[in-house]
Amino acid sequence: MASVISTSTVSAAPGATFSPTFARANTRIKVTVTVTNGYATDNIDNVVIKFTSQFSQPIGYHENIVLAAENMENAVPYLKYAGENLKLAEENKKSAGPDIKAAGDNLSLITQGDWLAENVTAGAGTADENAYVNVSLAASNLKLAGEAIAKSVENLEYIYEKLKAAGDYLVLASGYENAENIENINASAAENVWSAGDNIRSAAENLRQGDLENAGLKLMVAGDNLKGAGDNFSDPELKAYFQAAGEILKTAGQKLVDAGNYLDDAAYALQLAEDYLTSSGNYLENHWFLETAGANLQIAASHIENAGKVLSVNMPAAGDNLKCAADNLENVAKELGVDLGMDDISAAATDLGQAADNLINNGMVDITTAGDELISAANNLSSGAAKMKATANELQPTTWDIDTTGADYVEFDAIGDNVITPGASETFVFLITTPDINTENTYTVSVLVSKEETVYTSYEIVGTFTMTVDGEEPTLTITVTQTGVPDNNLVGNKLNNGVAKITVVASEKLQDIGQAIIENSEGTQENLLPPINLSTTDGITFTATFSVGEWDDNSCRVRITSAKDLAGNESTDMVQSFTVDTRAPIIDDGLMGIVSGARENVVQPGTGKVFRYVDNVTTKSVIVTVRDNAPGASDENTRVVSVIVNNVAMTRDPMVENRWTKTITLSEGYNAIVEVKAYDKTGNVATDNVENIFIDTKAPTIEFVSIAGKTWTDGVYINDNTPQLKLVIKDPGYPDTGLGIPRDNLKVWLDNDDNYLNDTPYWELENMAAWDYGLAGVFENLIDNALPENTYYVVVWASDNLWHAGENGTVASRKFIVDVTKPQAPTSVVGSVSTGTTPADAKPTSTSSITITGEAESKATIKVYTTTDGGVTWTEYTEGRTTAGSTWTTSVKLTGFAGKVLGIAVTATDLAGNESAKYEVGYLIYTPAPPSNLAGSLAAGATAALAKATAVSTLNLTGTATPNHTIKVYTTTDAGVTWTEYTAGKTTASATGAWTTSVQLSGFAGKTVGIAVTATDEGGNESTKTIYGYLIYDANAPSVEITSPASGTTTDQATIQITGRVTKDAWESYSNITLTLQVGTGAVEVPIGSDGTFVYSVALAEGLNTIVARATDGVNVGTPVSITVTRTVTPWST
């Protein structure tokens, strides 16, 4: 390019395109520029791409890059083959483990007797018992070594120790080296045992270095040795055990040899891979900008070769070499840049390093994983080589020269006639290294062209472009949360089923994010879970969930393995610490305070139940001190967020943040458990409890029920000097809410005063039945020693041993007075009704009660007795019982004794129940008084024969009787032979004795009815009848019918015959009917025939005659009937 460049912007014609517009910083990228010649006639033979600054090392097409990529690809199959053989080696190695253990199992079957009988060890006749012990120890160590070899991840140092120990113990067991009297031992057997032990020791050393083949060979020889020893034993069992152990050990040795052969194959493959990788490095080294990459690739190849040389004999050393190769390969990747396969080759370097890590540490060798990583490294290297080759082949054009000597531009010159003709286009693809920055910057790129001429004197800008270079690695904000946990970065395994959430927010949009690794944050940073994939919907926020395990790591971290932005900048191993709290809080001061002072381990009498704690208070103040199980954490106390006691929330003490308080009320009776639960933020719960508490809040109760059959009031008098007493002494609620009263805690004394402690009690009383500890609580005693008349006290002391407030047990007393002397009979007895002194002299009375007065002993009970059998038997009239002051009054209703000869007597009974002799009041006969002063609204006859007839249907009666007696009405229709109660007439005499009633006579029409009344007292005793009289009720008058002549008849006769009929009541007789005929003013009675007809002639006056007929039955007059008859008279002729 000319030293002076004149530039102008082309406004028409030529144009250009440019890519990429976004790139990663400090890496080699592929740039594509297309120039189109818009000139009408001029060709373009020079193109310049000018960068503003900091871009460097442009590279055009170079065959060496393609050849380097192809050689790198050629190395890939050998690396894969090496990895596959490593895995095959591990499979064979692992399969040897069970065989080695089985060999140990066979040796462990040897008994002490078998061994001593063979006299294997030096000192025949005094066989060394320790030899048998050494064989057993050798067997045990051989089994442990076999178990370790069978594992996928083995500890070569541990395997070495156990195999070497097995060999050492076999050598010791043989005693061969120390035999002083060789001819006295089984020398052949001993020598073989010794050789087996020595060869096992050698195998242990080989395995320590990972030399599987030689270790296997030594074990095969050791197997032959054991078989040889078996051949020289005479005991069949001993022979069989050694031969079996030897055969199995040979099999194990062969498997290790096979494993070693696979290691040899892997080693050879690594050496072959070295050849191709070295060639690839040589090609790169011959490019001026890629020589560092080539040199590093050659060094990496050399380390891979060295790893192959020592892999089968010294596995850790092979791992060291692979580790160095990985470091150099990482440098190769950085030197090549992103578009020459950097990312894939870098991944291959990481895989190679991880393969090395699994071989280096003797304590954690994992050959299978090393093989897998080597295969992965090969695959990534293959992808990197393919990327390199593809990019190298894209670099163009080859028909233009590229000048890369400029500081800030790339210049292409057309070779020969390969110019860009008008209307044509040319694409330029080259590599360039972006600026080394750690921020995101924008740069201007200009594309300039020059027309074909001899000397380039001027350039025209055909395109100006902006390129953003991103050198800033993405940052991540990582948060671990869990539903139900209030704080970020704090999780546990109790809430939300132990599922926690990882949220990653990137500082910019990412094209890729690695996996999340959950690991402890201390020591080895061991992974706690398999890697976790994150998901996103926008490329910025990523989430994943994981299950928190039973981790006892108070501090863990989540590590995001990588994050790559759109430019390809990658951040690795970004971490966020979080706390895993799976430990329950610690309750320092728990619940013992609520049972402080309680009785312990109390047996309930009667039931035999044992209560851990017994108390008499239900209200308890619970105070607990709780902290989270996070020693040293500043928030140890506040991590506890909830404490409950018996499912009721406690309150945090505002002054002491780890103290919680609550007042609770326990149930009376049995409380199975009082439990405190403390919850921390992650849902871990600690519990503390006090079990088996019995609360009895009530003191025993004492009830004095009865004595000598009497209700026991204080100071009660009794007339029994050997009384039976009954008390009820309960522990309320026993056995559910009362603890019960042990028999030893119940004392019942009989005393002659109320102070049983003054050394003067009579005696202690015993219960007649078994004591039930206060359930029913019945205490009964029969005092069988006759007590003199006096005042006595029964004193009771009862305790349930709970010492309720203010009591030392429960004490109660009650007195009784013994009095067996009868009182004097009542005196000055007077009755309100005259009585006779004997039944024969009984006085009649219609008074319904008798009032009796008299005198008796003060407070004596006056009882009234009656007799109806002349004093043979007397029955107490209880309604008459009363109490005397000095005088007394009582009464006896006589209605219950109507018609009987009744004797009445009284007695006096003192407070003790002693009853005096009877005082007889006298004898009487009671009958109720009949009604009197009867008056009626209708006249009646004194006898049926004198019955009065009436047409009135209602008879009203009045009279007097004993007040409040019931008045009944009776009727008779047979002249008093039978009387029937007329219930409708029943009434009651007033307080003055007056009464009124009525009788409806319509039901007795035509009958001679007698009317009588009685009085009935309250006892149902009915007086004799008082007869009012007899009546006949006639409600209907007779009727008359004139049948002849017809009314209006005319006759010339002086008389006319009248005929007709009379109608009456059926019960009436025609003899009682009076029929009259009236003509004018004259009337005549007319006889009536027995059939009711009549015939009678009457005189007629000249002219019109009115004839009237009427009938009467003496009570009722019938309606008259009439006809007219006209008499005509013919004058006499003259």
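Every number here is computed from the coordinates shown, using simple stated rules; none is lab data. Since this is a predicted model, take the numbers as computed values, not measurements. Note: ideal-geometry Cβ built from the backbone for every residue, glycine included; neighbour counts use all protein chains shown.
Please report L787, L924, L336, L946 as a ranked list, fewest other C-beta atoms within 10 angstrom at the top and most at the bottom. Working shown, then result.
Values: L787 18, L924 26, L336 30, L946 11.
By the 10 Å Cβ count, ascending, the order reads L946, L787, L924, L336.
Tell me which lysines have Cα within less than 29 Å of K501's Cα, excluding those fewer than 8 residues away on the same chain?
Result set, ordered by chain and number: K509, K564, K677, K681.
With a cut-off of 8 Å between alpha carbons and a minimum separation of six or more residues, what is the relative contact order of the chain in percent?
Relative contact order for the chain comes out at 7 percent.
Can you tell me, using C-alpha contacts under 8 Å and at least 6 residues apart, the relative contact order of the range 827-926 as a whole percent?
Answer for the range 827-926 is 36 percent.
Pairs K151/K218; K151/K334; K859/K900: which exceed 29 Å Cα-Cα?
K151/K334; K859/K900
For the range 863-873, in order, what is each residue's ³J(HN,Hα) by Karplus, 6.51 cos²θ - 1.76 cosθ + 1.60 with θ = phi - 60°, in whole Hz (x at glycine and Pro)?
Whole-Hz 3J(HN,Hα) from phi for the range 863-873: 10, 10, 10, 10, 9, 10, 10, x, x, 5, 10.
In this model, which of K50/K389; K94/K309; K93/K227; K143/K250 are farther than 25 Å apart at the alpha-carbon?
K50/K389
Using Cβ counts within 10 Å as a stand-in for footprinting exposure, how do F289, F51 rank, fewest first? Could you put the intermediate results ahead of the total?
Working: F289 19, F51 22.
Ranking F289, F51 by Cβ neighbours within 10 Å, fewest first, gives F289, F51.
Which residues' amide hydrogens lie under 5 Å from the amide hydrogen of F428, considering only partners 5 or more residues apart or on another chain, with H built in the peptide plane?
HN-HN under 5 Å from F428: V33, T34, V35.
Before rounding to the nearest 500, sum -39500 (n - 2.57) across all DSSP H runs of length at least 4 in the chain and divide by the residue total; then give [θ] at 222 nm in deg cm²/dmol.
Helices in the chain give a 222 nm mean residue ellipticity of -8500 deg cm²/dmol.
Using alpha carbons only, how many degrees (0 to 90, rounded to 10) separate the axis of helix 156-174 from the longest principal axis of the chain?
80
Can you tell me the relative contact order of the range 701-818? Whole percent, Cα pairs under 8 Å, sequence separation 6 or more.
33
Got a sec? How would S174, S1122 order by Cβ neighbour count within 10 Å, fewest to most?
S1122, S174
For q values of 0.04, 0.06, 0.09 Å⁻¹, compute log₁₀ I(q)/I(0) with the Debye formula on a Cα-only model of the chain, without solvent.
Values, matching the q order: -0.65, -0.87, -1.17.
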